[in-house]
There are 2 protein chains.
Amino acid sequence: MTLPAIGISLGDPGGIGPEVVLKALAAPSLLPEARFIVFGDRRLWDAERASLGLHLEVQVHKGDTVPSAPGLYFNDIGAMPGDVVRGGASAENGKSSFLAFEKAVELAGRGILDAVVTAPVSKTSWRLAGLSWRGHTEYLDSLYPGAIMTFWSERLKVALLSHHIPLTEALGRVRKGVLLDFFRALHRSLAGVRSGVEELLVAGLNPHAGEDGLLGGEETTEIQPAIEAAAKEGIPVSGPFPPDTVFLKALDRPEKMVVAMSHDQGLVAFKLVAFETGVNATLGMPFIRTSPDHGTAYDIAGKGAADPRSLIAAIRMAVELS
Amino acid sequence: MTLPAIGISLGDPGGIGPEVVLKALAAPSLLPEARFIVFGDRRLWDAERASLGLHLEVQVHKGDTVPSAPGLYFNDIGAMPGDVVRGGASAENGKSSFLAFEKAVELAGRGILDAVVTAPVSKTSWRLAGLSWRGHTEYLDSLYPGAIMTFWSERLKVALLSHHIPLTEALGRVRKGVLLDFFRALHRSLAGVRSGVEELLVAGLNPHAGEDGLLGGEETTEIQPAIEAAAKEGIPVSGPFPPDTVFLKALDRPEKMVVAMSHDQGLVAFKLVAFETGVNATLGMPFIRTSPDHGTAYDIAGKGAADPRSLIAAIRMAVELS
């Protein structure tokens with residue numbers, strides 16, 4: 001069996017991305033065996049490695065194949081200017097982080113990589129670089145409209161019915177057909193990987209899950225029918241449960257994942273339980289994408305103080321789900 | 001100085017209310033000194049006390065005054081049938097719990113009590129009794145339309161802009177004028193009691209608090225202007241903050257309270273942090289009302305196994321806020 005090929009994009013050169021990638025890959029005992037291909041600027045990588053005092057051998061990766069031997073490869077996307085702006089956004093930073101991400105996603109889309117792990121980019125840098133996508137998620141959405149945002153931690157797992165849209169629009173997605181499609185796609189994605197998830201707990205939308213229609217009708221007219229239709233197809237899904245207790249039902253139950261009706265219904269819960277230790281995994285695409293649950297952290301960039309644990313968790317999950 | 005007069009309603013006779021009230025009052029070392037007046041059926045009280053093997057002296061309370069001496073009083077609202085249905089709802093249970101609550105609220109509204117602590121009632125029992133209010137909150141809403149639901153625990157404090165209405169209606173309340181009135185009323189309520197709250201952190205409505213309008217406009221058009229207007233009046237209020245991190249900003253910071261834009265934005269967070277150990281306090285009325293963060297728990301009623309800690313916390317908070 002060939003080991004998974006995992007692309008890792010370095011993220012914004014001005015943030016902590018390059019540092020946490022280096023620290024993670026320098027700790028092989030914390031990582032499963034795989035073929036790791038880092039995408040970024042080679043000069044930046046070498047400078048960061050020297051500054052951290054790490055000795056890490058990388059083989060050059062080029063072209064459309066990944067060698068079958070496990071190990072560490074580097075795909076040099078070039079593109080960096082002479083001086084990196086550390087601790088802040090810039091057009092060059094945006095261009096560099098986008099090109100690395102774009103290249104990894106392209107190879108994954110063509111089946112050459114099994115998964116892509118993305119170190120954090122800066123939305124400001126992307127905007128300064130003239131990019132029309134606000135971030136990783138919007139770029140993946142544009143390529144794969146059925147992409148599903150999920151969040152994973154030891155204590156809680158959450159999938160979001162919708163993500164970066166206004167709440168009023170998110171409410172408009174709470175429709176039987178949309179929900180049924182979502183349950184199917186999520187179930188198919190989870191069944192195709194070693195997720196450990198055996199049951200989807202669906203949150204309601206309204207207080208007390210609508211309390212038999214007294215506090216809102218979507219549970220009765222949309223969510224419940226979608227759950228029933230999905231259950232008939234053999235999808236292990238139950239609910240709708242009151243939003244304020246459904247997360248407690250899934251807490252410390254690794255076989256359960258909550259389906260949240262909106263970005264913040266899910267992330268208010270997730271971030272309280274697993275702030276900066278969780279992993280964001282994008283499903284519903286031909287490959288897996290994971291990322292750590294933190295940003296560029298410009299304030300501590302270049303100081304050697306960044307904690308690689310969330311990125312290590314993201315890499316481990318990428319391998320596990322592949 | 002006269003000690004506060006605290007009314008305590010026994011709640012649904014079939015649930016754990018009478019048991020936790022008895023257990024709480026039988027542990028005076030855990031309670032501040034006050035004048036406690038229990039409202040309920042005396043025969044039920046005596047039977048429950050005997051069954052629990054507790055020896056608790058209560059003085060009879062009648063009429064429109066509360067004696068100035070600290071101690072334990074009982075206001076017999078009668079109304080119980082011969083047999084109490086334990087572990088389930090009934091019209092008689094609903095009638096009894098409503099009459100006890102109604103009487104305590106009436107005396108508090110007239111200034112005779114400083115606060116009311118409510119043991120849990122059953123919505124089903126209230127409906128069976130033909131009552132038109134779904135529960136305590138709706139009854140208080142009908143008397144005091146400006147009533148504010150707040151939730152208190154050691155780790156987190158939350159106030160809800162709206163509570164038992166459909167989410168689409170709740171979104172309609174996110175308007176500058178409504179918000180400004182809410183900030184004023186909440187600030188006034190908190191300033192009038194020993195709350196310890198020094199700053200209100202206001203949650204946004206949309207993902208990432210709208211991200212400068214890209215993900216929703218309410219932050220820019222409604223919430224921010226209301227915050228600015230309130231701040232000009234000297235109200236210590238800030239935000240709007242992204243919903244998925246605002247609760248982390250207030251966690252373990254006892255001087256901060258989060259203002260949530262909807263029932264579940266606030267309660268998803270609160271229940272994860274303080275499930276069944278928190279206290280629900282209704283502000284914005286001429287008196288304070290507190291209640292434990294659990295229900296009738298019919299499944300364990302009558303077994304002597306109910307935990308009185310949340311009710312004790314509710315009683316302590318009622319005294320502190322009075």
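Exactly one residue out of B:LEU215, B:LEU200 is touching a Pro at 6+ places or on another chain (Cβ under 9 Å) and at pLDDT below 95, and it is B:LEU215. Going by the conditions given, is A:GLY111 touching a residue at least 40 places away in the same chain (Cβ under 8 Å), surrounded by 16 or more Cβ atoms within 10 Å (Cβ to Cβ) and on the phi > 0 side of the Ramachandran plot? When the stated conditions are applied, A:GLY111 does not pass them.
Residues in segment A:32-49 that are under 19 Å from the mean Cα position of the chain (by Cα) and surrounded by fewer than 17 Cβ atoms within 10 Å (Cβ to Cβ): A:PRO32 only. Counting the residues of segment A:177-194 that are in contact with an Asp or Glu (Cβ under 8 Å, 6 or more places away or on another chain) and farther than 19 Å from A:PRO145 by Cβ gives 2. Among residues belonging to segment B:202-225 that are among the hydrophobic types (A, V, I, L, M, F, W, C) and either without any contact (Cβ under 8 Å) to a residue 24 or more places away in the chain or out of contact with any strand residue (DSSP E or B) (no Cβ under 8 Å at 6 or more places or on another chain) (or both), point out the one that is farthest from B:ALA170 (Cα to Cα). Per the criteria, the residue is B:LEU214. Within segment B:234-246, being out of contact with any helix residue (DSSP H, G or I) (no Cβ under 7 Å at 6 or more places or on another chain) and over 24 Å from A:LEU272 (Cα atoms) holds for B:GLY234, B:PRO236.
Determine if segment A:153-164 includes at least one residue that is more than 28 Å from A:ALA313 (Cβ to Cβ), away from every other protein chain (no Cβ under 12 Å), open to solvent by less than 10 Å² (accessible area, probe 1.4 Å) and touching a strand residue (DSSP E or B) at 6+ places or on another chain (Cβ under 6 Å). So far as segment A:153-164 goes, no, none of its residues is more than 28 Å from A:ALA313 (Cβ to Cβ), away from every other protein chain (no Cβ under 12 Å), open to solvent by less than 10 Å² (accessible area, probe 1.4 Å) and touching a strand residue (DSSP E or B) at 6+ places or on another chain (Cβ under 6 Å).
Here is a list: B:ALA69, B:ALA89. Which entry is farther than 25 Å from B:ASP293 by Cα, touching a residue at least 24 places away in the same chain (Cβ under 8 Å) and open to solvent by 30 Å² or more (accessible area, probe 1.4 Å)?
B:ALA69 is the lone residue from the list that is farther than 25 Å from B:ASP293 by Cα, touching a residue at least 24 places away in the same chain (Cβ under 8 Å) and open to solvent by 30 Å² or more (accessible area, probe 1.4 Å).
Just checking, which of A:GLU33, A:GLU48, A:GLU19 is modelled with pLDDT of 95 or more and either over 19 Å from A:ALA104 (Cβ atoms) or touching a Leu at 6+ places or on another chain (Cβ under 7 Å) (or both)? It is A:GLU19. Of everything listed in (1) modelled with pLDDT under 95; (2) part of a loop (DSSP other than H, G, I, E, B), the single unmet condition for B:GLY11 is (1). The condition (being in a loop (DSSP other than H, G, I, E, B), out of contact with any strand residue (DSSP E or B) (no Cβ under 6 Å at 6 or more places or on another chain) and of a type outside the set (Ser, Thr, Tyr)) is satisfied by just one residue among A:GLU57, A:GLU19, A:GLU48: A:GLU57. Would you confirm, using the coordinates I've provided, whether B:ILE227 is at pLDDT 95 or above and either within 30 Å of A:ALA274 (Cβ to Cβ) or at the interface with chain A (Cβ under 8 Å from one of its Cβ atoms) (or both)? Here the answer is yes, as B:ILE227 does meet what is asked. Can you name the residue in segment B:174-201 that is within 14 Å of chain A (Cβ to nearest Cβ) and free of Cβ contacts under 8 Å to residues at least 60 places away in the same chain and is also farthest from the chain's Cα centre (by Cα) among such residues? Ranking the qualifying residues of segment B:174-201, first place goes to B:ARG175. Scan segment B:240-258 for residues that are within 14 Å of another protein chain (Cβ to nearest Cβ) and over 13 Å from B:SER153 (Cβ atoms) and the total you get is 9. In segment B:97-108, the qualifying residues are those that are open to solvent by 10 Å² or more (accessible area, probe 1.4 Å) and of a type in the set (A, V, I, L, M, F, W, C), and the one that is nearest to B:PHE39 (Cα to Cα) is B:LEU99.
Among the residues of segment B:286-319, write down those that are surrounded by fewer than 18 Cβ atoms within 10 Å (Cβ to Cβ) and either among the charged types (D, E, K, R) or under 23 Å from B:ARG35 (Cα atoms) (or both).
Within segment B:286-319, B:PRO286, B:ASP299, B:LYS303, B:ASP307, B:ARG309 qualify.
In segment A:142-159, is there at least one residue being of a type in the set (A, V, I, L, M, F, W, C), under 25 Å from A:LEU248 (Cα atoms) and assigned to a helix (DSSP H, G or I)? Within segment A:142-159, none of the residues are of a type in the set (A, V, I, L, M, F, W, C), under 25 Å from A:LEU248 (Cα atoms) and assigned to a helix (DSSP H, G or I).
The values are calculated or read from the model by the stated rules, or taken from the named source; none is laboratory data. The shown structure was predicted, so the numbers you read here are calculated from the model rather than taken from an experiment. Positions of Cβ are backbone-derived with ideal geometry, glycine not excepted, and every protein chain shown enters the neighbour counts. Only protein heavy atoms, including side chains, enter the accessible area calculation; ligands, DNA and RNA are left aside. Shrake-Rupley method; radii C 1.70, N 1.55, O 1.52, S 1.80 Å.
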